[in-house]
Structures are given as structure tokens and as C-alpha cells.
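Nothing in this text is a laboratory measurement; each read-out follows from the coordinates by a stated rule. Quick caveat: nothing in here was measured; it's all calculated off a predicted structure. Ideal geometry is used to build each Cβ from the backbone, glycine not excepted, and the neighbour counts take in all protein chains shown.
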Amino acid sequence: MPRHIAYPSLLVVRIRLMLLWLALFWLAAPSVVSASDFDDSVLAHVAYPGWFKESFLDLRDDLADAQAEGKEGIMVLFTTEGCSYCAQFIRRTLGDEAIAAEVRSRFDVIGLEMFSDAEMVGPGGEPMRVKEFAEREGAGFAPTLLFYATNGELLYRAIGYRDPERFGLVLDYLEGAYDRGQSFRDFLAERASESETARSTYRLAPDPRFGAPPYALDRSRIAARQPLLVIFETDGCAGCEVFHTEVLALPQVRRLLEGFEIVRLDAGDAETSVLAPDGTRTTPAAWYAASGLSHLPALLFFEENGREVLRTDALVLPRRMVNSLLYTLERAYEKQWTYQRFARSKALEQRLPQPEPSGGEVP
């Protein structure tokens, strides 16, 4: 039997929707990164700043050192060589003098190659390889940031690229809101209520590939013929506008999208009924709120039987979008591969020389 959401009282719904829309107002701020800022198909060298801690890969010792220095804990940055998003985060975000100064005063920062075979010890004393630690901590996309308190508690996980403004919000959140038990989304809503940030003029763009309501996406009983891509957006979302013009409009992306059922949902829509892939009845606003996502646009990828295989609400430029679509279409998740491992394999394929056609023919 399909599961059903137990809807809260009307007053609680109104309060939650007010918080959601305030958060969306903040998240729709027109300061966005686009393909003109950097080309995510370029293999970039990743070099850590000189102020990163030189760790012996025993995070218990690193936490003890941070505590002795009066810091809040450690920040672990997972990257991988060739990752343009990682290089951009280090150059643009950690290259901001004010941000770098704040991070250095509050956290010791340790950079880790997410595919490294090096032996390490986790915050709880668990011996493992770095790549095993990355997988355990959910570092599926590079870069991934993990903030640990000096007692080893995981404070916050940020998956994907964060520009200076968004990363600054994470630092502000960890400065007090986390200790008060406030969620990151509620923190964003609180900030939005105090902000005079101008909104983008973007309005939800039509696309012939998007399915129309009613949204009957249940795949829990009968598998569909295609995988599913769910895109969350909202009016006023500058990042959504960039996503449409610089990513979804590309011919290679359009060709790959032909292999998907695609649904675009308004993250602020509390009226339209949606039958989610697992059989749950919900609305776009309730689904987005329950997802734990905190930014727009947000992408959810599902296989034919309704299992979610990939999600992101971080920056997605053309190459990352292509790889995300291929990851789902080629069923790389069945190999227990993370997205980043799959993307690494695709990058290596592009660098390897292709075999010459037999018979000496020119291709």
C-alpha cells in the first residue's frame, strides 16, 4: 500500500510555508556562478593553500590540536585531482581574504584526496583508508566539506561547490545557530527575513520535455520504462535561470534528457498534488522541505523502480550535468560507484588515446 503523509494543522502549514518562502527568497538572490566563471570540463590541478594543516591523518590528534588552540574543531575538505569545482572553491572561496581569516581562526583545515589509499584514523578512532572514509561520510561529489567539533561530532556536511556568499552562510550557521538546534534551512529563512536582497526577475521557464500535472510518479509497484529526473525551482531564482540557459539548453544535454522522464516542480507550490516515486502523496513544497535540500535549483535522479540514485542542490554546470545523466543512464550506481568515481572514469576515458579503425581507414 502507498504510504501517505500525515499533514499537520493549517497554522503549522502556513508557518512552514512562510519560512520556506523566506528561505527561497534568500536562495533566489541573483549572485550566481555561471559557465562564464569557469569551464567545468577542464581538468584542473588542485593545490591546497599553505595555511592548511599538515596532518598525519589521525583525526583524533587533529581534533585534540584544535581544542588545545581554542578552536571550534576541524574542517575536512575532500577534493580530487582534476576537479574544476575543487580548484574554483579553493581559488575563489578560500581565496577570499576575509573568509580565509575566519576559517583559520575557527578551524584547522585538512585537505584529503577522496580516492587516496593512504591509511588514516577517523574522528572516532576507526582505522581505514581515506577513500573508505570519504565513502562513509557521503562525499559523493567533489568538493565535499565536513565540519567536526573537537569532540568528534559531525556538525555539518556540505556537498558540492560553495561560492563565497554561500560558504559564508555556512560559517555563520556554525557560529551559533547549530548550537541552538536550529536547522540550516530555518537559519536561512531567519537571515532572509532580515535581508533586503533583490530578487531575480526569472519566472519558471517552460520546456517541452517537462511532464505536466497530474504528477503520478509512483514507481514502487510497477517499474517505469525510463529513469526519472525531478528538478526543483521557483520564481525569482537566478541560479535556475542560468541552469536553463547554460545547461539544459545544450544539445548534448538535450539528447541525454531524451532517456528520462522529467518533472519540474515549483518548490514553493503547496497546492499541487504529487504522487512521489515511493508512492507517497505530497506536494512540491512539502517534498522539497522534507528532502533536506537547501538551495535551488535542486536535482533528484531516480532509477526505473523509484529508488533515488543521485541528488544535488549545489552548482551544476554542463560537464557535471552530462556526467550526472550518464551516471543514471549507464546505471553506474549498480557498481556501488559514487558520482565522483564515475566522473573520474569518464575523465580518464577522454584522456586515453582512441584505437585506430581497422584496415587503416580514416574515421
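In terms of Cα to Cα distance under 20 Å, which aspartates and glutamates are near enough to residue 335, apart from those fewer than 8 places away along the same chain?
117, 132, 135, 137, 303, 304, 308, 349
Quick query: amide H of residue 73 versus all other amide H atoms, modeled in the peptide plane; which residues come in under 5 Å with a sequence gap of 5 or more or a different chain?
Amide H neighbours of residue 73, under 5 Å, 5+ apart: 108.
For the chain, give me the percentage of DSSP beta bridges that are antiparallel, rounded to the nearest 5 percent.
60
Counting only helical runs of four or more DSSP H residues, what would the 222 nm mean residue ellipticity of the chain come to if each run contributes -39,500 (n - 2.57) and the total is spread over all its residues? Can you show the working numbers first?
Values: 12 runs with 116 residues, N = 363.
That comes out to -9500 deg cm²/dmol.
So, with +1 on the Cβ of K and R and -1 on the Cβ of D and E, and no other charges, what is the size of the charge dipole of the chain about its Cα centre, to the nearest 20 debye?
Values: 39 positive and 53 negative charges, 220 e Å.
Charge dipole, the chain, about its Cα centre: 1060 debye, nearest 20.
In the chain, if the dipole is taken from +1 on Lys/Arg beta carbons and -1 on Asp/Glu beta carbons about the Cα centre, which of 89, 189, 112 is farthest to the positive end?
Of 89, 189, 112, it is 189.
Name the shape class, rounded, prolate or oblate, that the alpha-carbon gyration tensor gives for the chain, where a ≥ b ≥ c are the square roots of its eigenvalues, rounded holds for a/c under 1.5, and otherwise prolate holds if a/b is larger than b/c and oblate otherwise.
Numbers: a/c = 1.57, a/b = 1.10, b/c = 1.43.
Taking the square roots of the gyration eigenvalues as a ≥ b ≥ c, the chain is oblate.
Can you list the residues, at least 5 places off or on another chain, whose amide H is less than 5 Å from the amide H of residue 155, using H built in the peptide plane?
Counting only residues 5 or more places away or on other chains, the set is 147, 148, 149.
If you count, for each residue, the other Cβ atoms within 10 Å and average over each peptide, how do 71-83, 247-259 line up from highest to lowest? Show your work: numbers first, answer last.
On the way: 71-83: 22.6, 247-259: 14.2.
Answer by packing, highest mean first, reads 71-83, 247-259.
Out of residues 5 or more away from residue 58 or on other chains, whose amide H comes under 5 Å of its own, with H placed 1.01 Å from N in the peptide plane?
Here the answer is 121, since their amide H atoms fall under 5 Å of that of residue 58.
What size of dipole, in debye to the nearest 20, comes out for region 83-173 about its Cα centre when the only charges are +1 on Lys and Arg C-beta atoms and -1 on Asp and Glu C-beta atoms? If you can, show how the numbers build up before the last one.
Numbers: 10 positive and 15 negative charges, 37 e Å.
With only Lys, Arg, Asp and Glu charged at Cβ, the dipole is about 180 debye.
Please list the equivalent ellipsoid semi-axes of region 218-290, computed as the square roots of five times the alpha-carbon gyration tensor eigenvalues, in descending order and whole angstrom.
Those come to 23, 20, 6 Å.
Less than 15 Å Cβ to Cβ from residue 94, Lys/Arg counted +1 and Asp/Glu -1: what total charge do the surrounding residues give? Could you put the intermediate results ahead of the total?
Working: positive: 53, 91, 92, 104, 106, 162, 166; negative: 96, 97, 102, 108, 163, 165.
Local charge sum for residue 94: +1.
In terms of Cα to Cα distance under 25 Å, which lysines are near enough to residue 53, apart from those fewer than 8 places away along the same chain?
71, 131
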